[in-house]
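Take a look at the structure below.
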C-alpha cells in the first residue's frame, strides 16, 4: 500500500470515528430491539421465498450480540452456524456508519433501507464465504435488488 492510499484510508477512518460519536450524541434510542429484529426477520423471510439457497429462518438465525460482546462491526455473520448477530445500538437507533453498496465513502445511513443493505450484506456471507470480492458484491446486489423490488411493488407487504 502506497502512502497516498494509506493517508486516504486513515482520513476516512477518522471521519468514521467522528460520525459514530455524532450518532451516539444526536440519535436517540427510539426503536424497540425486538421490533427491529422482527423487521429483519421479515426481510429475511421475503428473501428466502425468492432465493432458495438461503438457510431456513430459525429463531436464532437473526439475533442481537450477547451482552459483553464488543465488536467494531455493526453486524456479524457466522456461515458455519447459519446465524447473523446485530449490535444493540443498530437495533435501537436504526442508524449506522458504513459504506453503502456501490459507494466508497463512510457515511451515516438510517432507516429501513440501511437495515436492508446491512442484512443483505451479512446474508451474502452464507453463499460467498471469505473476502469481499466481485462475486460477493454481485450476490449482495442480487439480494438487495430483490428486497427493494419487493418493497416497491408491494409484494413484500403481502407476507
- Task: Report yes if some residue within the range 26-33 is touching a residue at least 24 places away in the same chain (Cβ under 8 Å), farther than 18 Å from residue 127 by Cβ and assigned to a helix (DSSP H, G or I); otherwise report no.
- Result: yes
- All conditions in (1) farther than 19 Å from residue 51 by Cβ; (2) part of a helix (DSSP H, G or I) are true of residue 130 except (2)
- Message: Between 101, 113, 57, which is closer than 25 Å to residue 149 by Cβ, part of a loop (DSSP other than H, G, I, E, B) and under 14 Å from the mean Cα position of the chain (by Cα)?
- Response: 101
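What about residue 48, is it surrounded by fewer than 14 Cβ atoms within 10 Å (Cβ to Cβ), over 14 Å from the mean Cα position of the chain (by Cα) and modelled with pLDDT of 90 or more? Break it down stepwise before answering.
On the way: surrounded by fewer than 14 Cβ atoms within 10 Å (Cβ to Cβ): no; over 14 Å from the mean Cα position of the chain (by Cα): yes; modelled with pLDDT of 90 or more: yes.
It is false that residue 48 is surrounded by fewer than 14 Cβ atoms within 10 Å (Cβ to Cβ), over 14 Å from the mean Cα position of the chain (by Cα) and modelled with pLDDT of 90 or more.
Residues checked against (1) out of contact with any strand residue (DSSP E or B) (no Cβ under 7 Å at 6 or more places or on another chain); (2) at pLDDT 90 or above; (3) within 15 Å of residue 40 (Cα to Cα):
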| position | (1), (2), (3) |
| --- | --- |
| 91 | no, yes, yes |
| 100 | no, no, no |
| 103 | yes, no, no |
| 120 | yes, yes, yes |
| 133 | yes, no, no |
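With the structure loaded, tell me whether residue 16 is more than 16 Å from residue 98 (Cβ to Cβ), in a helix (DSSP H, G or I) and either modelled with pLDDT of 90 or more or touching a strand residue (DSSP E or B) at 6+ places or on another chain (Cβ under 9 Å) (or both) or whether it fails that test. Before you say what the answer is, go through the steps one by one.
Working: more than 16 Å from residue 98 (Cβ to Cβ): no; in a helix (DSSP H, G or I): yes; either modelled with pLDDT of 90 or more or touching a strand residue (DSSP E or B) at 6+ places or on another chain (Cβ under 9 Å) (or both): yes.
Against the criterion (more than 16 Å from residue 98 (Cβ to Cβ), in a helix (DSSP H, G or I) and either modelled with pLDDT of 90 or more or touching a strand residue (DSSP E or B) at 6+ places or on another chain (Cβ under 9 Å) (or both)), residue 16 does not qualify.
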- Within the range 78-90, can one find any residue that is in contact with a helix residue (DSSP H, G or I) (Cβ under 8 Å, 6 or more places away or on another chain), assigned to a strand (DSSP E or B) and closer than 20 Å to residue 37 by Cβ? yes
- Query: residue 79 is checked against (1) touching a strand residue (DSSP E or B) at 6+ places or on another chain (Cβ under 9 Å); (2) surrounded by 14 or more Cβ atoms within 10 Å (Cβ to Cβ); (3) more than 24 Å from residue 151 (Cβ to Cβ) and fails just one. What number does that condition carry?
  - Reply: (1)
- Query: Consider residue 70 against the criteria (1) under 21 Å from residue 25 (Cα atoms); (2) surrounded by fewer than 19 Cβ atoms within 10 Å (Cβ to Cβ); (3) touching a residue at least 40 places away in the same chain (Cβ under 8 Å): it satisfies all of them except one. Which criterion is unmet?
  - Reply: (3)
- Unmet criterion (only one of (1) outside any strand (DSSP E or B); (2) more than 18 Å from residue 44 (Cβ to Cβ)) for residue 144: (2)
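The values are calculated or read from the model by the stated rules, or taken from the named source; none is laboratory data. The structure presented is a predicted model; accordingly, all values stated were derived computationally and were not measured. Please note: Cβ atoms are built from the backbone with ideal geometry, for glycine as well, and neighbour counts cover all protein chains shown.
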